[in-house]
Amino acid sequence: MREITYREAVREALREEMRRDPSVFLLGEDIAEFGGSYKVTQGLLDEFGPERVRNTPISEAAIVGAALGAALVGMRPVAEIMYVDFMAIAMDQIVNQMAKIRYMFGGKAKAPAVIRTQGGTGRSSAAQHAQSLEAWFVHVPGLKVVQPSTPYDAKGLMKASIRDDNPVIFLEHKLLYAEKGLVPEEEYVIPLGKADIKRPGKDVTVVATSRMVLKALNAAKDLEQEGIDVEIIDPRTLTPLDEDTILESVKKTGKLVVVHEAVRRCGIGAEIAATVAEKAFDYLDAPVKRVTALDTPMPFNPKLEAFVTPDEDKIKRAIRELVG
Amino acid sequence: MAVSEIGKDKLLHMYRKMGEIRVFEETAADLFMKGRLPGFLHSSVGQEASSVGACAALRPEDYMTSTHRGHGDIIAKGATLDRMMAELFAKETGYCKGKGGSMHIADLDLGILGATGIVGAGLPYAVGAALGFKMKGTDQVVLSFFGDGGSNTGAFHEALNLAAVWDLPVIFLCHNNQYAETTPQRVHQKIKDVAVRAQAHGIPGVTVDGMDVLAVYETTKAAVERAKKGEGPTLIESKTYRFMGHFVGDPGVGIYRTREEVEEWRKRDPIPNFRKVLIEAGVATEAELNQIDQDVAKEMEEAIRFAEASPEPELEEALQDIFVES
Amino acid sequence: MATRIDMPQLGQTMEEGTILRWLKKEGDQVRKGEPVVLLQTEKVEYELEAPAPGQLAKILVSEGTTLRVGGAMGIIAQEGEDISALLASWAAPTPAAAKAPAPATAPTAVQAPAAPAAAPVQAAVAAPSREKVKITPRAKRLAEEHGIKIETLVGTGPEGRIVEEDVQRAIEAMKAGVPAAEAVPDLIPLTGMRKAIFDRLGGSWRNAARVTLFAEADVTRLVELRKERGSRWEAESGLKISYNDLILKGVVVALTEKPRINCTLTPEGIRVHKEVHLGFAVDLGEGLVAPAIRDAHKKSLLEIAREARAIAEKARSGRLVPHDLEGGTFTVTNLGGFGVELFTPIINPPQAAILGVGKIVEKPVVLNGGIHIRAMLGLSLVFDHRLIDGAPAAQFLAKLKELLEQPEGWIG
């Protein structure tokens, strides 16, 4: 199987879906000629033209609103918000409009829009360009939330997101774009709401998201030398969350570490820990641990950035504390 | 535009719609004050000409969005009083199955893309719907109602700009009822005419007498034509007045506006004025218009009966419609 | 009106107590009689109930603090009530401190040299700690499924938590038919109950003029009688009457008939008791107590048996109250169950004597010129010669031997 980057995988999904369905179109800041800030949409203008690859003003609320309105009348827009941090500007359109419109209109409307964005610590991107805000969206009923960690998942999940009849927040990671992975050339779609066991193991369950899946895999490799067999689960979609896969794993291992790049307080880790406590309490053989960013804004200084961000060592330490 | 050019049916339709709105709003306010309706209520009494004149310029296939003060716009676009009232009663037969309420009535089949309770928030997605129509190659247009208050939001400017740069078939219709909730226009914006903000976005801006249904109709019709031709959006400012308070329960006089001011505007009540125009122009007789008034009253009574007799939604309904189930 | 929660006097000689855990938080509503604070005295843990209804307005003394009797621990007040006056009174010397007795007149003076902080009680030591066994939900579930008592497990997880692995080991051992490795901690700190045992028994050893008398009773008839009447007793009481029950009853009868050794050391002198409050040792795994069966001389065999079980169960579940541990006049300790035949136990002050009971062993005995196999029971009476002379001690033991050898008359 060929290897492509995460960036190429997202682009392939967009391209294939735009070819398959003329109602699919893209809009966002600098996505046309420039190919997007992280070059995901590079080359798509050439193939699909400015009608379907639309550069927008720097107007996040209008971008999301435009995607929502177009979706309401039958289009399948994929909007790019350059940084997840900028979602804050569009929050009303996302939270009060897009997420609620079907429900408050009594089920009459549907809004099959995808809002693509990217987050996570970069290389000193600092406080307004490096956040991991997935929990914001998970907290809003009516939004699906996708957070792929590999090129394979990114492609399959993007295709599923575009085909989904609901609003989907699709969260990429700026430091994953260059990561390579096996992606088949033939068509495939990964259903939303299905976790993936990235590494089977028996001693401890690690639920990790986005780039932390890679960190957890590295950590697991090291811990193998110490005789610790780590199972790594990537939920892939946070809403809907595949609770069954997580619970099954915890029932097997009795131990859970949740790893995410977002800050700890009310992060997705809290939700997963609570779910396990509610539904698999009697299977827990140790307190649940969370490995997350510290509850601080992201500092600019590289040393400080590394200090607040979770990494392999922090993951290993947490696992050893549980298993050792 | 001369009355004769519009045609009697349309004129009487407009008269009827204005009557429906007035009766509906007054009845709803009455029921609310008797404690019969849950939630809260924003009355649009006084703005009937603005709503009806604008929507009369739309075809059934055209879309509109509205606001928390949206009953009038929605009735003007074709919603019926029975299902409107059922929604206010939070009944299963309401337009939103009792899950939206007064502020969120929608019916996509009628081109009602819904009311939103967030001031200014309807504009961006109205622009999106216009984008969708444009891309699909239909000649449908979208009309987005908002108020003078909404014209101060970032969403307003983002939406106007985006619609302008993409020449989208959208009409931004501002009911300038002089108050952003309880704050008078002179306090909340430096400009006198919201329409001038069109200039900032390179699109036409028109101010029209919002108490004159025909003036609103004529202005909107021109904007619709322009949009259909692919010439882009228009901002229409319809100067009107909210006879009642910001919400039912707000006395509307005393604190932030005077009784004299309200009385002054009431003299320009769009319904008796339009009635006079129709009679003077020989379009309809007193008797014909009285008959319409009686029909509307009867429709209202039946709507209440319908709403009262309708069942409440099952509890299970709370869990439905969050997502489209695949 | 605001009410102080004071360190209570739990038993006659208690001088201080430790706050183990507040069961309510500041601001919590409490009903009168609802437990508010868990105390540890030298002898027991004690859940102190709220003296009045209201709100736990103020916690004055934090957990782990030791406080003299009468010292204020907290304040219960009505919501919004001004408690500044009470707070001021807390700053003043506590009543306990104020009434601290002068050594010469204090009733506790006699015990002071041996165990200054200890009370002159019948119990050797305090009741077991009721601290929650730390165990993971998974391990707990597994233990329950396999009927394994978690108290018997040693946790190897973080903070000594019992984890699945520990239960698995116990299950394996159970399957293999061997008892699980005995749970023994690496270090037992000399605190709490252990400290009390350390001080009190050391004091007893240093002070008492010990003499031990040995005797061997032929309990063949007692064994037969137990077989004959066992089912009747069981029908009447629902209990399987043990040899220990029979021996306890025998001791009570012997003490009634030979009461001189049924005495305790008091500040006034040696008090000889008409009532028999029969102490008996209960092993708690780590630590032991000797609660007393009150007024045993008024109780039948079955009553004694029933009460002994109830008290032992209370001791093992940590529910003993100070009253249970006080006032014993004589103690019996039985190691027969462990195969011990004879031993010399330590007197439990202020009592004057203790009886060690061994295992019943079948032995060849010369009887009427012939060798017979008889069931023999080893008895050892340890007494404090300062309080009791040799003759009355010997008379008691002889009486007991006689009673155990000819049980028909008293066994009931």
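The values are calculated or read from the model by the stated rules, or taken from the named source; none is laboratory data. Everything quoted here is computed from the prediction, not taken from an experiment. Reconstructed Cβ throughout: ideal geometry from the backbone, glycine too, with neighbour counts over all protein chains shown. Ligands, DNA and RNA are excluded from the accessible area calculation, which covers all protein heavy atoms including side chains. Shrake-Rupley method; radii C 1.70, N 1.55, O 1.52, S 1.80 Å.
A few remarks follow.
Conditions (1) among the aliphatic types (A, V, I, L, M); (2) open to solvent by 10 Å² or more (accessible area, probe 1.4 Å); (3) in contact with a Ser or Thr (Cβ under 9 Å, 6 or more places away or on another chain); (4) in a helix (DSSP H, G or I), marked per residue:
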| residue | (1), (2), (3), (4) |
| --- | --- |
| A:GLU16 | no, yes, no, yes |
| A:PHE25 | no, no, no, no |
| A:ALA32 | yes, no, yes, no |
| A:GLY36 | no, no, no, no |
| A:GLY49 | no, yes, no, yes |
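- Applying the set (1) open to solvent by less than 30 Å² (accessible area, probe 1.4 Å); (2) within 9 Å of chain A (Cβ to nearest Cβ); (3) over 19 Å from the mean Cα position of the chain (by Cα); (4) not basic (Lys, Arg) to B:MET135 leaves exactly one unmet item: (1).
- The single condition among (1) out of contact with any Leu (no Cβ under 9 Å at 6 or more places or on another chain); (2) within 13 Å of chain A (Cβ to nearest Cβ); (3) more than 23 Å from A:ARG320 (Cβ to Cβ); (4) not acidic (Asp, Glu) that C:HIS146 does not meet is (2).
- Residue within the range B:122-129 that is part of a loop (DSSP other than H, G, I, E, B) and more than 7 Å from chain A (Cβ to nearest Cβ) present: no
- For B:ALA297, the stated conditions hold: it is of a type in the set (Gly, Ala, Ser) and under 22 Å from the mean Cα position of the chain (by Cα).
- Of the numbered criteria (1) part of a loop (DSSP other than H, G, I, E, B); (2) facing another protein chain (nearest Cβ under 8 Å); (3) buried (at least 23 other Cβ atoms within 10 Å of the Cβ), the one A:ALA130 fails is (2).
- The set of residues in the range B:254-271 that are open to solvent by less than 100 Å² (accessible area, probe 1.4 Å) and either of a type in the set (Asp, Glu) or more than 27 Å from B:ASP293 (Cβ to Cβ) (or both) comprises B:GLY254, B:TYR256, B:ARG257, B:THR258, B:GLU261, B:GLU263, B:ASP269.
- Matching residues in the range C:349-367 - criterion: being open to solvent by 10 Å² or more (accessible area, probe 1.4 Å) and part of a loop (DSSP other than H, G, I, E, B): C:PRO349, C:PRO350
- Subset tally (residues that are over 28 Å from B:GLU25 (Cα atoms) and exposed (fewer than 11 other Cβ atoms within 10 Å of the Cβ)) for the range B:301-325: 4
- Yes/no for C:GLY328 being of a type in the set (Gly, Ala, Ser), more than 30 Å from C:PRO8 (Cα to Cα) and not in a helix (DSSP H, G or I): no
- Filter result (within 14 Å of another protein chain (Cβ to nearest Cβ) and either touching a residue at least 40 places away in the same chain (Cβ under 8 Å) or open to solvent by 50 Å² or more (accessible area, probe 1.4 Å) (or both)) within the range A:267-288: A:GLU278, A:LYS279, A:PHE281, A:ASP282, A:TYR283, A:PRO287
- Among residues of the range C:327-348 that are over 24 Å from C:ALA209 (Cβ atoms), those with a Cβ under 7 angstrom from a residue that is part of a strand (DSSP E or B) and open to solvent by 50 Å² or more (accessible area, probe 1.4 Å), sequence gap 6+ or separate chain, pair up as C:GLY336/C:LYS359; C:GLY339/C:LYS359; C:VAL340/C:LYS359; C:GLU341/C:LYS359.
- Qualifying positions in the range B:105-119 - part of a loop (DSSP other than H, G, I, E, B), more than 7 Å from every other protein chain (Cβ to nearest Cβ) and open to solvent by 10 Å² or more (accessible area, probe 1.4 Å): B:GLY117, B:VAL119
- Restricting the range C:64-89 to residues that are open to solvent by 70 Å² or more (accessible area, probe 1.4 Å) and within 19 Å of C:GLY54 (Cα to Cα), the residue that is modelled with the lowest pLDDT: C:ALA85
- Verdict on B:GLY249 being more than 22 Å from the chain's Cα centre (by Cα) and on the phi > 0 side of the Ramachandran plot: no
- Candidates B:ALA227, B:ALA297: the one that is modelled with pLDDT of 95 or more, surrounded by fewer than 16 Cβ atoms within 10 Å (Cβ to Cβ) and away from chain A (no Cβ under 14 Å) is B:ALA297.
- Criterion: of a type in the set (Ser, Thr, Tyr) and in contact with a Phe, Trp or Tyr (Cβ under 9 Å, 6 or more places away or on another chain) - qualifying residue of A:THR245, A:THR239, A:THR275: A:THR239
- Qualifying residue in the range C:298-311 (condition: over 23 Å from C:LYS240 (Cβ atoms) and assigned to a helix (DSSP H, G or I)): yes
- Number of the exception - A:GLY142 against (1) open to solvent by less than 10 Å² (accessible area, probe 1.4 Å); (2) outside any helix (DSSP H, G or I); (3) touching a strand residue (DSSP E or B) at 6+ places or on another chain (Cβ under 7 Å): (3)
- One residue stands out in the range C:165-206 among those that are crowded, with 18+ Cβ neighbours inside 10 Å and among the charged types (D, E, K, R): the one that is modelled with the highest pLDDT, namely C:ASP166.
- Some residue of the range B:87-104 being within 8 Å of chain A (Cβ to nearest Cβ), closer than 20 Å to A:VAL64 by Cα and not aromatic (Phe, Trp, Tyr): yes
- Qualifying positions in the range B:54-72 - within 20 Å of B:ALA307 (Cα to Cα) and not in a loop (DSSP other than H, G, I, E, B): B:HIS71, B:GLY72
- Considering the range A:51-80, the residues that are assigned to a loop (DSSP other than H, G, I, E, B) and in contact with a Ser or Thr (Cβ under 8 Å, 6 or more places away or on another chain) include one that is nearest to the other protein chains (Cβ to nearest Cβ), namely A:MET75.
- Hits in the range C:234-286 - residues which are small (Gly, Ala, Ser) and open to solvent by less than 10 Å² (accessible area, probe 1.4 Å): C:GLY250, C:ALA254, C:GLY279
- Per-region count, the range B:196-224, residues open to solvent by 10 Å² or more (accessible area, probe 1.4 Å) and in a helix (DSSP H, G or I): 11
- Residue match in the range A:18-36 (condition: in contact (Cβ under 8 Å) with a residue 60 or more places away in the chain and either more than 14 Å from chain B (Cβ to nearest Cβ) or small (Gly, Ala, Ser) (or both)): yes
Each row is one residue, and each column tells you yes or no for (1) closer than 30 Å to C:VAL167 by Cα; (2) within 21 Å of the chain's Cα centre (by Cα); (3) charged (D, E, K, R); (4) in the same structural domain as C:LEU379 (by TED's automatic domain parsing).
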| residue | (1), (2), (3), (4) |
| --- | --- |
| C:PRO189 | yes, yes, no, no |
| C:MET193 | yes, yes, no, no |
| C:ASP199 | no, yes, yes, no |
| C:GLY202 | no, yes, no, no |
| C:VAL219 | no, no, no, yes |
| C:ALA235 | no, no, no, yes |
| C:GLY238 | no, no, no, yes |
